[in-house]
Structures are given as C-alpha cells and as structure tokens.
C-alpha cells in the first residue's frame, strides 16, 4: 500500500520511527505483522482517523457518509456495512472488497481503507461529488452524441 504524497504523519509516530531506526538495522527484512503495525500507528484501519460530516445515502446493508481523513484532510466516502452477529459480513460486501482491492482504473472508485469493528465493516472510498446515475438523471432522455462517444470511449478503455 502506498501513502498519498500529502499525508501528515503524527509526531509521535515520527518519534517512534526515529527511535526504531536508531535501535535496529535497515538491512533486516520487515515482517508482515510489523508492516501492519506501522500502518496502524499512522492511522490506517482505525475509525478515529476519519470524521463523519453527513449522511449521503442508505441501502439494505449499508449507510454511506461523507467524511474527512484526519491524515490527509481529503474528503472520503465512508460506507458502513452493518454486521449481523449470526451471519457476519454479507457476501456482497466480501465480494465488493475483494474486487476493489485489485481493481485500479480511472473510472472505478478507489478503496483507500477497510475498518473492521464488532458492529460494522467500514469501507473508506475516495469521495465523488456525483456519479453516472445522477448525471444521466440530470440529462433526462437527451444526451449529445459527443457525450455518448466520450462515455463509450471510457467504457471500452
């Protein structure tokens, strides 16, 4: 996982990183557990890293909120999927996560973070002001041929 260029690392994390680098050799391989711990120290995988700004929508399994990352100050979309105690995460959520982790494309929303708690699974996405459905609804039944060509190009790319 790569970090955004404009990320602000907490001072206590930088201090810990400096102490660790003084006490250990950079030549040693880093274990998966220590990599996860480092990302957790920064704030990835923690709900308190994000601030909810307002509700965007609600569906059968999830509620989507507009939010802000405390690390980057960027707007994000927080999709909270309710977990049923007997059933766990819905299969649609598992499918969505597994697909989005591997898909990187300009026309596919980016999954930034996954936060798991006892009550919900929160997916952190890039925030988009609008989507294709809203655009098509605003056009009504008429769309210029130029815009149709642009959409076809983007779909086939």
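When residue 54 is tested against (1) over 12 Å from the mean Cα position of the chain (by Cα); (2) exposed (fewer than 12 other Cβ atoms within 10 Å of the Cβ); (3) in a helix (DSSP H, G or I), exactly one condition is not met: (3).
Taking region 67-80 as the range and being crowded, with 18+ Cβ neighbours inside 10 Å and at pLDDT 90 or above as the test, the residues that pass are 67, 69, 76, 77, 78, 79, 80.
Applying the condition of being out of contact with any helix residue (DSSP H, G or I) (no Cβ under 6 Å at 6 or more places or on another chain) and assigned to a loop (DSSP other than H, G, I, E, B) to region 27-51 and asking which residue is modelled with the highest pLDDT yields 46. Restricting attention to region 120-141, the residues that are over 18 Å from the mean Cα position of the chain (by Cα) and surrounded by 12 or more Cβ atoms within 10 Å (Cβ to Cβ) total 2.
Would you confirm, using the coordinates I've provided, whether residue 116 is modelled with pLDDT of 75 or more, within 15 Å of the chain's Cα centre (by Cα) and closer than 30 Å to residue 153 by Cβ? Against the criterion (modelled with pLDDT of 75 or more, within 15 Å of the chain's Cα centre (by Cα) and closer than 30 Å to residue 153 by Cβ), residue 116 does not qualify. Taking region 97-107 as the range and being within 12 Å of the chain's Cα centre (by Cα) and either touching a residue at least 40 places away in the same chain (Cβ under 8 Å) or closer than 25 Å to residue 153 by Cα (or both) as the test, the residues that pass are 100, 101.
The values are calculated or read from the model by the stated rules, or taken from the named source; none is laboratory data. What you see is a predicted model, and the numbers here were worked out from it, not measured in a lab. Cβ atoms come from the backbone with ideal geometry, glycine included; neighbour counts cover every protein chain shown.
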